[in-house]
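Everything below concerns the one structure shown next.
The values are calculated or read from the model by the stated rules, or taken from the named source; none is laboratory data. Source: prediction; values computed, not measured. Glycine gets a Cβ as well: all are built from the backbone with ideal geometry, and neighbour counts include every protein chain shown.
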């Protein structure tokens with residue numbers, strides 16, 4: 001090949017493909033799985049990396065389903081396959097034919113050690129977790145202001161309950177600056193009491209991407225937060241130590257928004273249900289009260305009295321005729337007395353007195369009943385209350401018992 005010949009991209013890529021694939025037909029690599037992402041077709045795409053380098057890898061469905069373990073980020077594995085060049089992108093990768101565990105990755109070991117340490121201090125105790133407010137009015141969201149997570153959270157809360165105020169506390173969610181920034185925002189939310197509940201999290205990512213959410217300082221900040229916290233880190237299969245320290249773990253940011261934002265129409269339904277329950281309970285109690293009062297009505301009392309009296313009446317039938325006559329005389333006498341007493345009581349009824357032409361006289365200003373001429377004075381306004389209506393009058397003259405005779 002002459003030095004002045006210009007090659008096409010496809011030609012140089014084809015040459016590289018031929019050299020690489022011919023030189024490395026069957027290699028075994030040891031590295032840590034990162035950014036594992038199964039496809040909907042069943043293929044497994046991931047990255048193999050060591051301390052300084054990384055290589056893309058793919059394991060097709062037929063081979064992937066035979067694996068005796070679930071390939072997750074952080075696992076240290078041995079992968080055997082062929083080096084291949086993807087000409088359309090000009091990249092190379094290893095097509096893995098078989099793969100076995102080589103031991104836990106450094107990241108997972110570090111996280112397990114940190115998890116055991118913090119658990120021993122009681123930071124993950126279930127007894128310390130507080131309930132999330134059922135109807136929060138303010139929600140603070142700590143995440144990247146430009147990521148998909150904040151868009152999902154705002155969309156879900158806006159759809160379910162637009163009356164909730166959302167405060168966004170921006171922070172990077174990966175890299176060395178992420179954990180300190182997340183800690184500062186947790187402290188800010190608590191210092192200024194910005195919310196009823198805090199949602200902290202981000203969208204999915206590799207194990208390395210999620211490391212800030214397993215930072216020891218952040219875990220301690222979440223555990224000591226006075227405001228209840230919801231951890232929403234990554235997708236459902238992802239995990240972080242924040243999930244263990246938070247009061248509640250949500251599988252995704254969208255799920256976290258659903259947990260903290262009850263649907264407005266659901267709340268209305270619950271309120272109406274509570275109203276109906278309350279009304280029904282009040283009606284039931286009033287009905288029970290009416291039934292109890294009915295038991296003390298004259299008719300009911302008379303019936304109860306008759307039930308008590310009946311056995312004695314039966315016994316009276318067996319008593320000598322003289323005793324019966326004596327008893328009847330006594331009953332008649334008693335009824336007569338009762339009748340007389342009834343007439344006396346009826347005669348003492350103020351309403352009966354009014355019917356006979358009497359009236360009640362009261363001082364109009366004080367409302368006191370005037371029983372004597374000395375209880376009022378000339379010029380005082382008085383009220384005369386007959387059986388029906390009200391008569392207003394003014395006192396023109398007052399005479400006591402002695403003077404009235406002279407007049």
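Here are a few things to note about the model shown:
- Some residue of segment 218-230 being in a strand (DSSP E or B), surrounded by 13 or more Cβ atoms within 10 Å (Cβ to Cβ), over 20 Å from the mean Cα position of the chain (by Cα) and in the same structural domain as residue 141 (by TED's automatic domain parsing): no
- Criterion (in contact with a helix residue (DSSP H, G or I) (Cβ under 7 Å, 6 or more places away or on another chain), part of a strand (DSSP E or B) and not assigned by TED's automatic domain parsing to the domain that holds residue 235) met by exactly one of 58, 85, 77: 85
- Of the criteria (1) outside any helix (DSSP H, G or I); (2) over 28 Å from residue 75 (Cβ atoms), which one residue 237 fails: (2)
- All positions within segment 183-203 that are surrounded by fewer than 18 Cβ atoms within 10 Å (Cβ to Cβ) and closer than 15 Å to residue 173 by Cβ: 184
- The residues in segment 38-55 that are in contact with a helix residue (DSSP H, G or I) (Cβ under 8 Å, 6 or more places away or on another chain) and outside any strand (DSSP E or B) can be counted, and the count is 3.
- The criterion of at least 1 residues that are free of Cβ contacts under 8 Å to residues at least 40 places away in the same chain and farther than 24 Å from residue 226 by Cβ is met by the following helices (runs of 4 or more DSSP H) wholly inside segment 97-195: 106-120, 148-160.
- Scanning segment 68-80 for residues that are at pLDDT 90 or above and surrounded by 15 or more Cβ atoms within 10 Å (Cβ to Cβ) turns up at least one hit.
- No other residue among 42, 81, 74, 22 is free of Cβ contacts under 8 Å to residues at least 60 places away in the same chain and touching a strand residue (DSSP E or B) at 6+ places or on another chain (Cβ under 7 Å) apart from 81.
- Extreme residue, surrounded by the most Cβ atoms within 10 Å (Cβ to Cβ), among residues of segment 204-217 that are in contact with a helix residue (DSSP H, G or I) (Cβ under 6 Å, 6 or more places away or on another chain) and part of a loop (DSSP other than H, G, I, E, B): 207
- Hey, residue 24 surrounded by 12 or more Cβ atoms within 10 Å (Cβ to Cβ) and modelled with pLDDT under 85 or not: yes
- Only one of the numbered conditions (1) in a helix (DSSP H, G or I); (2) more than 16 Å from residue 261 (Cβ to Cβ); (3) touching a strand residue (DSSP E or B) at 6+ places or on another chain (Cβ under 6 Å) is violated by residue 244, and that is (3).
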